[in-house]
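Report on the structure given below.
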Amino acid sequence: MKNKSYLGGLISLLLGLTIGLSLITAIYIFLIYFQAHIIQAIIYSLFSTLPGLLIIVVLEFIIISIDENKKQTKLLEDILKKLDD
């Protein structure tokens, strides 16, 4: 199990909440517009999930950038140790 920082845990929680809310919104919109027309219901449910999907992409980008910063910091510390020796 990896040690996660407080920020990483918070971002993971927000990521899970966003995925859940996107799915619930898509199902809800689909059921509302299903009575009118099935194609219209599919299109509206897809459009309703776009903001949630955008938030998911942004949160994933934040997680990746945090991990990359940790790797870069570790690499720079190793280089500094080798230069000091």
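Key figures for this structure:
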read-out: Any hit, segment 23-31, residues being assigned to a helix (DSSP H, G or I), without any contact (Cβ under 8 Å) to a residue 60 or more places away in the chain and closer than 25 Å to Leu7 by Cα; value: yes
read-out: Condition broken by Gly8, with the remaining ones in (1) surrounded by fewer than 13 Cβ atoms within 10 Å (Cβ to Cβ); (2) part of a helix (DSSP H, G or I) satisfied; value: (1)
read-out: Failed item in (1) touching a residue at least 24 places away in the same chain (Cβ under 8 Å); (2) surrounded by fewer than 12 Cβ atoms within 10 Å (Cβ to Cβ), with Leu14 passing the rest; value: (2)
read-out: Qualifying residue in segment 63-85 (condition: touching a Leu at 6+ places or on another chain (Cβ under 6 Å) and on the phi < 0 side of the Ramachandran plot); value: no
read-out: Where a residue in segment 61-85 is free of Cβ contacts under 8 Å to residues at least 12 places away in the same chain and its partner, wherever it lies, is surrounded by 10 or more Cβ atoms within 10 Å (Cβ to Cβ) and assigned to a helix (DSSP H, G or I), with Cβ under 9 Å and at least six apart; value: Asp67/Gly8
read-out: Lone unmet requirement of (1) closer than 21 Å to Glu68 by Cβ; (2) surrounded by 16 or more Cβ atoms within 10 Å (Cβ to Cβ) for Tyr44; value: (1)
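Since every read-out is calculated from the coordinates, none of them should be taken as a lab result. Here the structure is a predicted model, which means the values were calculated and not measured. Please note: Cβ atoms are built from the backbone with ideal geometry, for glycine as well, and neighbour counts cover all protein chains shown.
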